[in-house]
Amino acid sequence: MKIVLNGEQREVAATTLAELLPECGFSGRVATAVNEDFVPAGLRAGHALTDGDRVEVVAPMQGG
Amino acid sequence: MKQFYGVDLPNPLMLGTAQYPSPAILEQAFRASGAGVATVSLRREGAGGTGQAFWQMIADLDVLILPNTAGCHTVKEAVTTAHMAQEVFGTKWIKLEVIGHTDSLQPDVFALVEAARILTEDGFEVFPYTTEDLIVAERLLEAGCEVLMPWGAPIGSGRGLNNTYGLRAMRAEFSDIPLVVDAGIGLPSHAAAAMEMGYDAVLLNTAVARAGDPVAMAQAMMGAVNAGRMAHQADPIEARDMAEASTPVIGKAFLS
């Protein structure tokens, strides 16, 4: 299916958010949101993706 | 020193982690200065896991972590970012920024109060980036904040304390609340001035990170906040308009 991952169009095989992360090379400390709503780590496996979903994957970064 | 949500800070310097010339210099700035709190953010994870390497370095510093909601302009965006930060960084602390004006990065204090209320109800310990407005401060406390962080000047401007009258008034009005001057500091003298007024800590980033020698400037800032705090505790004299001789007049030899 086609999703938008961190602002970029992607064709992915994953059907859940939990499957998406390793498929796209994410590991370690990340947090996720789908269509502007936070999805906690514990709910990723049960979060089915649908065509056109906007997924954000964020990680620790420098900040002031 | 007042506690921040039940936590004693090792010293009054909170240091940002952005804009350093290199990760190594960032690390040295923390180690050399001894700053006990690091502000961090969340951004889209890049290819190769750049965020994970950054996190490992920060974790090794063994400092208190204060994640921010920098760049958020709405209540929803800030609240969502705070929840993501809590999961990633494993802390209830959140430096709550809700920006209202692009050029000055002045906080949208109406959205700030609303976001602070929601996050407090969600169990967060909120450090609101606010102005020196006393009524907004009251509202933030009513919303559940136990710390207030008024700006000294716009973020990154290095102008120092733009409104010393307002900051003094805030200190006087909220004598029991931990207060942090956050943003606008350019020089150690600015940081010392905030501490001399009785502020409990200073949060700064650009003044250190963009200095020619960030490691030396971080140490200078630590010296300044400690000097300012000691000066406040030592009960400084009042300024006066006219001279008052310090050397005794009595006993002076008659020589003319």
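The values are calculated or read from the model by the stated rules, or taken from the named source; none is laboratory data. Small disclaimer: the values here were computed from a predicted structure and weren't measured. Quick reminder, even Gly has a Cβ in these numbers, built from the backbone with ideal geometry, and neighbours come from all protein chains shown.
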Exercise. Given the conditions (1) touching a residue at least 12 places away in the same chain (Cβ under 8 Å); (2) more than 26 Å from residue A:62 (Cα to Cα), report the number of the one that residue B:204 does not fulfil.
Key: (2)
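Residue-by-condition table, conditions (1) touching a Leu at 6+ places or on another chain (Cβ under 7 Å); (2) among the hydroxyl-bearing types (Ser, Thr, Tyr):
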| site | (1), (2) |
| --- | --- |
| B:59 | no, no |
| B:69 | yes, yes |
| B:74 | no, yes |
| B:89 | no, no |
| B:104 | no, yes |
| B:113 | yes, no |
| B:135 | no, no |
| B:141 | no, no |
| B:145 | no, no |
Quiz prompt | Residue ID - surrounded by the most Cβ atoms within 10 Å (Cβ to Cβ), chosen from residues in region A:32-56 that are at the interface with another protein chain (Cβ under 7 Å from one of its Cβ atoms) and more than 18 Å from residue B:74 (Cβ to Cβ) | solution = A:41
Quiz item: Looking at region B:24-114, what strands (runs of 3 or more DSSP E) fall wholly within it and have at least 1 residues that are free of Cβ contacts under 8 Å to residues at least 60 places away in the same chain and on the phi > 0 side of the Ramachandran plot?
Solution: none
Quiz prompt | Candidates B:104, B:33, B:41 - the one that is among the polar types (S, T, N, Q), at pLDDT below 95 and within 19 Å of the chain's Cα centre (by Cα) | solution = B:104
Quiz item: Is one or more of the residues making up region B:97-110 crowded, with 18+ Cβ neighbours inside 10 Å, away from chain A (no Cβ under 13 Å) and among the hydrophobic types (A, V, I, L, M, F, W, C)?
Solution: yes
Quiz prompt | Answer residue from region B:66-81, given it is more than 7 Å from chain A (Cβ to nearest Cβ) and under 18 Å from the mean Cα position of the chain (by Cα) and is farthest from residue B:13 (Cα to Cα) among those | solution = B:71
Quiz prompt | Restricting region B:210-237 to residues that are among the charged types (D, E, K, R) and outside any helix (DSSP H, G or I), the residue that is nearest to residue B:2 (Cα to Cα) | solution = B:235
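Looking at region B:115-138, which of its residues are among the hydrophobic types (A, V, I, L, M, F, W, C) and either over 22 Å from residue B:172 (Cα atoms) or part of a helix (DSSP H, G or I) (or both)?
If the condition is that a residue be among the hydrophobic types (A, V, I, L, M, F, W, C) and either over 22 Å from residue B:172 (Cα atoms) or part of a helix (DSSP H, G or I) (or both), then B:115, B:116, B:118, B:119, B:124, B:134, B:135, B:136, B:137 are the ones that fit.
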Quiz item: Do any helices (runs of 4 or more DSSP H) entirely within region B:139-209 hold 1 or more residues that are among the acidic types (Asp, Glu), and if so, which?
Solution: B:164-173, B:188-196
Quiz item: Considering region B:168-187 alone, what residues qualify as being over 13 Å from the mean Cα position of the chain (by Cα) and either under 24 Å from residue B:220 (Cα atoms) or of a type in the set (D, E, K, R) (or both)?
Solution: B:168, B:171, B:173, B:176, B:187
Self-check item: Subset tally (residues that are surrounded by fewer than 18 Cβ atoms within 10 Å (Cβ to Cβ) and closer than 14 Å to residue B:189 by Cβ) for region B:221-256
Solution: 4
Self-check item: Hits in region B:155-175 (condition: within 12 Å of residue B:199 (Cβ to Cβ) and touching a His at 6+ places or on another chain (Cβ under 9 Å))
Solution: B:161
Practice problem: For region A:16-58, enumerate the residues that are modelled with pLDDT under 95 and touching a helix residue (DSSP H, G or I) at 6+ places or on another chain (Cβ under 6 Å). | Solution: A:28, A:29
Self-check item: For residue A:9: the one exception among (1) closer than 20 Å to residue B:49 by Cα; (2) of a type in the set (S, T, N, Q); (3) more than 12 Å from chain B (Cβ to nearest Cβ); (4) part of a loop (DSSP other than H, G, I, E, B)
Solution: (4)
Quiz item: Which of (1) more than 7 Å from every other protein chain (Cβ to nearest Cβ); (2) touching a Gly at 6+ places or on another chain (Cβ under 6 Å); (3) hydrophobic (A, V, I, L, M, F, W, C) is the odd one out, the single condition residue B:29 does not satisfy?
Solution: (2)
Exercise. Spot the failing condition for residue B:19; the list is (1) facing chain A (nearest Cβ under 8 Å); (2) within 20 Å of the chain's Cα centre (by Cα); (3) surrounded by 19 or more Cβ atoms within 10 Å (Cβ to Cβ), and only one is missed.
Key: (3)
